[in-house]
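The values are calculated or read from the model by the stated rules, or taken from the named source; none is laboratory data. Since the model is a prediction, treat every value here as computed from it, not as a measurement. Don't worry about glycine lacking a Cβ; one is built from the backbone with ideal geometry, like all the others, and counts go over all protein chains shown. Just so you know, the surface numbers come from the protein's heavy atoms only, side chains and all, with ligands and any DNA or RNA stripped out. Shrake-Rupley method; radii C 1.70, N 1.55, O 1.52, S 1.80 Å.
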Amino acid sequence: MSQHDWFIFPTHPHLPPPDWPALSQRLIDTGILLPADGQHIAPEDLRELSSELAIHGQTSWVDIDPSWRTTADVVDAYRASSEAIARLSLAPGLSMADTVATMREQGFAFQFWPSSDAERCAWGGTRHRLGDAAAALFDDKDEWVREANALSFSLLAYAGSPNVTAGENLCAPLRPGTDEPLELMAPFGTHVDFIGAAYEDPAVTWTDPDTGKSFHIFDLDWSQSLGLGYRFLKIEGGWHADFFERLRAHLAGLLGQPMTISHQHL
């Protein structure tokens with residue numbers, strides 16, 4: 001099954017990275033994101049919980065109801081179909097992490113927790129649900145309700161080597177001012193070689209032999225197929241390009257620096 005994720009990240013990864021914990025708190029304080037507590041479990045966490053329950057409870061998958069907000073909503077939906085799940089004892093209002101820990105203590109295995117993002121990043125990885133203040137970033141109320149019940153958000157901060165988001169949709173950047181793909185980027189080689197050089201040193205530049213002008217990696221147009229850097233807002237579960245663009249602009253305003261969008265298809 002294909003996986004499609006979206007990322008918003010600083011355009012200039014060679015500059016000092018923004019304070020991601022501070023941004024996370026600001027987004028929660030202003031109501032764009034909800035706290036990652038037991039009353040506001042992100043849709044992707046609910047889906048992962050449902051998948052684990054179906055696998056280890058040896059029962060059929062249960063679709064997530066858009067009205068569900070807690071892990072208890074998901075577990076209760078499975079109790080009648082699995083003795084192993086029926087025996088689980090969970091306190092009300094548990095976070096996703098506490099739900100997983102409690103279920104493991106009771107002998108119920110989880111294969112895919114935490115996510116690989118949370119394991120690899122230096123800070124963050126907890127998923128959030130959209131708050132009411134995000135409604136202003138959508139075209140209308142119906143769109144807001146639909147997307148708010150589908151989208152999950154996590155802030156990811158990396159240290160040491162930068163993170164790279166690239167998938168099957170990766171394409172060569174365009175030569176500035178044209179629609180011509182830059183598949184060869186001397187002296188680096190191909191566009192993939194230039195990505196490798198930027199991974200080793202995000203400050204590296206490519207010089208256009210026709211104009212003599214130098215470009216950092218995201219001064220070039222990658223058609224939203226590439227992300228690279230130390231700070232990412234990851235979005236799971238949606239396709240609404242206008243919302244992504246409005247959120248990108250909102251983050252750029254909060255941080256006082258340009259932000260870029262990438263789409264990763266795996």
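Computed quantities for the displayed model
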{"read-out": "Sequence-separation-based contact order of the chain, relative, with Cα cut under 8 Å and 6+ spacing, percent", "value": "30"}
{"read-out": "Euclidean distance of C-alpha centroids, segment 219-258 and segment 1-67, integer Å", "value": "16"}
{"read-out": "Local electrostatic count at Phe112 - Lys and Arg +1, Asp and Glu -1, tallied over other residues with Cβ under 9 Å", "value": "-2"}
{"read-out": "If the convex hull is drawn through the Cα atoms of the chain, its volume per residue in Å³", "value": "140"}
{"read-out": "Around Phe153: net Lys/Arg minus Asp/Glu count, Cβ-Cβ under 10 Å", "value": "+1"}
{"read-out": "222 nm mean residue ellipticity, helices alone, for the chain (DSSP H n ≥ 4; -39,500 (n - 2.57); rounded to 500)", "value": "-9000 deg cm²/dmol"}
{"read-out": "Under Karplus coefficients 6.51, -1.76 and 1.60, residue-wise ³J(HN,Hα) of segment 88-95 in Hz, glycine/proline x", "value": "5, 10, 10, 5, x, x, 6, 5"}
{"read-out": "4 °C / 1.567 mPa s Stokes-Einstein diffusion coefficient of segment 122-244, Kirkwood radius on C-alpha pairs, µm²/s", "value": "78"}
{"read-out": "Per residue solvent-accessible surface (Å²) - segment 172-219, probe of 1.4 Å", "value": "55"}
{"read-out": "Cα-based shape type of segment 172-219, given that a ≥ b ≥ c are square roots of the gyration tensor eigenvalues and the cut on a/c is 1.5", "value": "prolate"}
{"read-out": "Amide H contacts of Leu33 (H built 1.01 Å from N, under 5 Å, at least 5 apart or other chain)", "value": "Ile28, Gly131"}
{"read-out": "Contact order relative to length of segment 35-126, as percent, for alpha carbon pairs under 8 angstrom and 6 or more apart", "value": "28"}
{"read-out": "In Hz, Karplus ³J(HN,Hα) per residue of segment 134-150 (6.51, -1.76, 1.60; θ = phi - 60°; x = Gly, Pro)", "value": "6, 4, 5, 8, 10, 5, 7, 5, 4, 5, 4, 4, 4, 6, 4, 8, 10"}
{"read-out": "Convex hull of Cα atoms in segment 35-126, direction-averaged projection (nm²)", "value": "5.8"}
{"read-out": "Descending semi-axes in whole angstrom, ellipsoid equivalent of segment 133-193, from the Cα gyration tensor", "value": "36, 19, 10"}
{"read-out": "Largest-first ordering by accessible area, 1.4 Å probe, given options Tyr199, Tyr158", "value": "Tyr199, Tyr158"}
{"read-out": "Phi to ³J(HN,Hα) by Karplus 6.51 cos²θ - 1.76 cosθ + 1.60 over segment 165-182, Hz, x for Gly, Pro", "value": "10, 8, x, 5, 8, 4, 9, 5, x, 8, 4, x, x, 9, 9, 8, x, 8"}
{"read-out": "With every protein chain in place, the chain: carbon and sulfur % of accessible area (1.4 Å)", "value": "51"}
